[in-house]
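To start, the structure under review is shown below, and the notes come after it.
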Amino acid sequence: MPQKEKSMRLDTSVNPLFGKLLIANRGEIACRVIRTANRLGISTVAIYAEADAHALHVRLADEAVFIGASKATESYLDIDKVISAAISTNCNAIHPGYGFLSENPEFVRQCESNKIILVGPSADSIEKMGIKDTAKTIARDCKIPVLSGYEGDNQAKEFLLQQAELIGFPVMIKAVAGGGGKGLKIAEDRDSFCLQLESARREAGASFGNDKMLLEKYLESPRHIEIQVFADRHGNVVSLFERDCSIQRRHQKILEEAPATNFSARLRAEMGAAACKLAETIAYEGAGTVEFLVDTQGQYFFLEMNTRLQVEHGITEAITGLDLVEWQLLVAAGAELPLKQEEIAMQGHAIEARLCAEDPAGDFLPSTGAIEYMKLPQAAFGVRFDMGYDLGDSVSSYYDSLLGKLIVWGSDRQAAVRRISETLGSTLVAGIDSNINYLQRLVSSAPYQQAEINTAFISNFVDDVRGSAVETMHWAVAAVSRAMREQGSGHRDGWRLNGANRIRIGLNHKGSSQQLYLTEAVKEVHGQSWNVRVGAETCLVEADEAKPDRFTVVDDDNKIRKFFVPGSHSGQTQEADDRIICFEGNKPFIFQSINRISDYATTLIGASASSDLAAPYSAPMNGTVAAILVAVNDEVDAGTILMVVEAMKMEFPIMSQHKGSVREFFFAEGDNVEQGNTLLDLEAT
């Protein structure tokens, strides 16, 4: 990033901190740690589960060890397997990344007993901050404000409901061992409390092996501000300033920035001092993040401390010029912090966007499958991608949806906002749904550009920007691309009608099929034009002769719309299965070519049948049946939650669309399901 990384006090290029480092993680954070380890001359060992056999972090590491089945509890969360992998490869240190075992005190103890250095804090510090009720008690003792709530041992549902009523709705239900938005639910009223409590318990049990809950008063539209702290075993503690992480969906961050805007020097100093005092009190060591909620009056409240490196650490690196992974390794090796508090300064503004495999138009449902197309902008000043996937990689339902992160820096916030919007606009990913186009619309919105940011930003965001739904012109451009590909290859898979210049082509998009009729128009000076009939509508599609993968269409508002279809011209193809990827801006629309009339009829019949049979009781994504909440022959009302599907560590309820009687469940709790599978039979009554 723009600031040159400040030199550390140890010559790590001559004397590596560790002989060999095992990264007990996957995805982008494993790749991120490998990058710094390589720079410091440290050999790296990756671990991988079955679903990650060909993953990017495995390809980047010097060595890789297979540790088990795809399910995290049988691989990445299995302490014995991780320790064995380190011992078998002669690693003398382990970096846990974030998530998985990064905040597991037993993992720390096992490392110590095997004389392996864990890059992170002590088991005692993790236990004190990892259990939320204990952490709140310590924060109170440090005179740090905390939210009112209940943190006791009585976990009976009826008792917790009584406590919630005493606190006053809405209340936040939180897993005491939670983090990352998992095991966290909001109960708006008495009627929803028990349902949200059970959901939080299931998520917490699955993610952390601990379903104990605490309750807190829920603040309406606060800001989520966190302080990055660093400490060493010699008693030094520093603050690396704040990050604003208020923009969240499902209580998980998707846009972060540093420093926070509209944030006074007084608050920065007070909250930084509070965070450092908390770290000092527990004799903390390494990287940690103290999270706060800040209300509209500027009053802050302790939320939790994450005893690990955060996903969003890159924006702190961008404004300070420091490599926080290098700092972690230095501290773990016993060194003092490289800089004193007065030596640390920040410059400019940085923003991070989390690129996730999910469908914002479908309530952020996670998306799985192969990445069929990926093109990131070329390296540029102030732009950094930390990616965990590459072209051809598969996104699995076993892990979270994070593909990678885009981090940008600017001399001020306005420059950073402009840079991230432009960079997102040039970031192309297809094959799985992603939030890239949605993120660009967020950062281009007036409220974001004016820094009107709080935790209600997503729910209040009015997404009136074109680009979410497939339109007639997307079908037309895909059909023209297919026709041009046939012309270039000499194949004639489309159905030619009444002469050489009329073609009929069949396409399918997400189960919907169309026959499109193409007539080649008069050849233009700079390209080729086609009239395309899509149902009762007709579009004129123009192809650029110099760039035959570029198309333009003039829409009904007389606006020129531009499209990119990779592999449209002679000599290039996309996939052997005739899939056509049509980008408008950075939003992809994927079509399947239907080459024969019999294929077309079969697709139509199949789509109609599956639509009638499955909707609305079909699996919204690949995942696992987490819970079945009613029984066969039960009479249910509209809006009743019938079952819960879990994917990528998040729960998605399947609700009755009408009053009826449950006739049959086609899957049991614990069964894996694929997107579109019919889950149950509910007969209307």
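Tell me, please, whether a residue that is within 22 Å of ALA49 (Cβ to Cβ), surrounded by fewer than 24 Cβ atoms within 10 Å (Cβ to Cβ) and not assigned by TED's automatic domain parsing to the domain that holds GLY585 can be found in the range 410-431.
Taking the range 410-431 as the starting set, the residues that turn out to be within 22 Å of ALA49 (Cβ to Cβ) are 431.
Filter once more, so that each one left must be surrounded by fewer than 24 Cβ atoms within 10 Å (Cβ to Cβ): 431.
When the remaining residues are screened for being not assigned by TED's automatic domain parsing to the domain that holds GLY585, the result is 431.
Yes.
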Open item on the list: Out of the residues in the range 647-663 meeting the condition of being part of a strand (DSSP E or B) and touching a Lys or Arg at 6+ places or on another chain (Cβ under 8 Å), tell me which one is surrounded by the most Cβ atoms within 10 Å (Cβ to Cβ).
Closed with: MET650
TODO: Output the qualifying pairs, or none if there are none: Cβ atoms under 6 angstrom, residues six or more apart or on different chains, first residue in the range 371-384 and within 15 Å of ALA430 (Cα to Cα) and touching a residue at least 12 places away in the same chain (Cβ under 8 Å), second residue crowded, with 19+ Cβ neighbours inside 10 Å and among the charged types (D, E, K, R).
DONE: ILE371/ASP393
Open item on the list: Take the conditions surrounded by 12 or more Cβ atoms within 10 Å (Cβ to Cβ) and modelled with pLDDT of 85 or more and apply them to THR678. Does it pass?
Closed with: yes
Open item on the list: Residues that are over 37 Å from the mean Cα position of the chain (by Cα), loosely packed, with under 13 Cβ neighbours inside 10 Å and charged (D, E, K, R): does the range 541-557 have at least one?
Closed with: no
Task: Residues that are without any contact (Cβ under 8 Å) to a residue 40 or more places away in the chain, surrounded by 13 or more Cβ atoms within 10 Å (Cβ to Cβ) and among the polar types (S, T, N, Q), drawn from the range 108-133 - done: GLN110
- [ ] Inspect all residues belonging to the range 412-429 and state whether any of them is of a type in the set (Asp, Glu) and in a helix (DSSP H, G or I).
- [x] yes
TODO: Among the numbered conditions (1) assigned to a loop (DSSP other than H, G, I, E, B); (2) closer than 23 Å to PHE591 by Cα, tell me where ALA451 comes up short.
DONE: (2)
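Yes or no: ALA30 at pLDDT 95 or above, in contact with a Gly (Cβ under 8 Å, 6 or more places away or on another chain) and among the aliphatic types (A, V, I, L, M)?
It is true that ALA30 is at pLDDT 95 or above, in contact with a Gly (Cβ under 8 Å, 6 or more places away or on another chain) and among the aliphatic types (A, V, I, L, M).
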Open item on the list: Pairs needed: first member in the range 144-157, at negative phi; second member anywhere, assigned to a loop (DSSP other than H, G, I, E, B) and among the aromatic types (Phe, Trp, Tyr); C-beta distance under 9 Å; at least 6 residues apart or different chains.
Closed with: LEU147/TYR218
- [ ] Count, please, the residues in the range 664-685 that happen to be more than 15 Å from ALA631 (Cβ to Cβ) and not in a strand (DSSP E or B).
- [x] 7
Open item on the list: I'd like the full set of residues that are assigned to a strand (DSSP E or B) and touching a Pro at 6+ places or on another chain (Cβ under 7 Å), limited to the range 391-410.
Closed with: TRP409
- [ ] Name every residue in the range 126-170 that is among the aliphatic types (A, V, I, L, M) and outside any loop (DSSP other than H, G, I, E, B), in order of residue number.
- [x] ILE126, MET129, ALA135, ILE138, ALA139, VAL146, LEU160, LEU161, ALA164, LEU166, ILE167
- [ ] Output the residue which, of all residues in the range 430-442 that are of a type in the set (A, V, I, L, M) and not in a helix (DSSP H, G or I), is nearest to the chain's Cα centre (by Cα).
- [x] ILE432
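Of these, VAL632, VAL644, VAL636, which one is surrounded by fewer than 16 Cβ atoms within 10 Å (Cβ to Cβ), among the aliphatic types (A, V, I, L, M), modelled with pLDDT of 80 or more and within 30 Å of LEU195 (Cβ to Cβ)? Give the steps one after another, and end with the answer.
On the way: VAL644 fails: surrounded by fewer than 16 Cβ atoms within 10 Å (Cβ to Cβ); VAL636 fails: surrounded by fewer than 16 Cβ atoms within 10 Å (Cβ to Cβ).
The unique qualifying residue is VAL632.
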Open item on the list: Quick test of your reading of the structure: GLU317 fulfils all but one of (1) over 30 Å from TYR150 (Cβ atoms); (2) more than 27 Å from the chain's Cα centre (by Cα). Name the failing condition by number.
Closed with: (2)
Open item on the list: Criterion first (closer than 28 Å to SER102 by Cβ, surrounded by fewer than 21 Cβ atoms within 10 Å (Cβ to Cβ) and not acidic (Asp, Glu)) does VAL146 satisfy it?
Closed with: yes
Task: Residue match in the range 454-464 (condition: exposed (fewer than 15 other Cβ atoms within 10 Å of the Cβ) and assigned to a helix (DSSP H, G or I)) - done: yes
Open item on the list: Can you pull out every residue in the range 192-206 that is modelled with pLDDT under 90 and buried (at least 21 other Cβ atoms within 10 Å of the Cβ)?
Closed with: GLU203, ALA204
- [ ] Go through the residues of the range 400-423 one by one and say whether even a single one is under 18 Å from the mean Cα position of the chain (by Cα) and among the charged types (D, E, K, R).
- [x] yes
- [ ] Of all residues in the range 71-97, count the ones that are at pLDDT 95 or above and over 11 Å from ALA24 (Cα atoms).
- [x] 9
Task: Qualifying residue in the range 138-152 (condition: within 28 Å of THR73 (Cα to Cα) and among the basic types (Lys, Arg)) - done: no
Task: Residue match in the range 409-422 (condition: in contact (Cβ under 8 Å) with a residue 24 or more places away in the chain, farther than 17 Å from SER444 by Cβ and not small (Gly, Ala, Ser)) - done: yes
TODO: Considering only residues that are among the basic types (Lys, Arg) and assigned to a loop (DSSP other than H, G, I, E, B), look in the range 465-519 and name the one that is modelled with the highest pLDDT.
DONE: LYS510
Task: Single residue of MET172, MET213 found to be over 24 Å from the mean Cα position of the chain (by Cα) and not assigned by TED's automatic domain parsing to the domain that holds SER401 - done: MET213
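The values are calculated or read from the model by the stated rules, or taken from the named source; none is laboratory data. Computed from a predicted structure; not experimentally measured. Don't worry about glycine lacking a Cβ; one is built from the backbone with ideal geometry, like all the others, and counts go over all protein chains shown.
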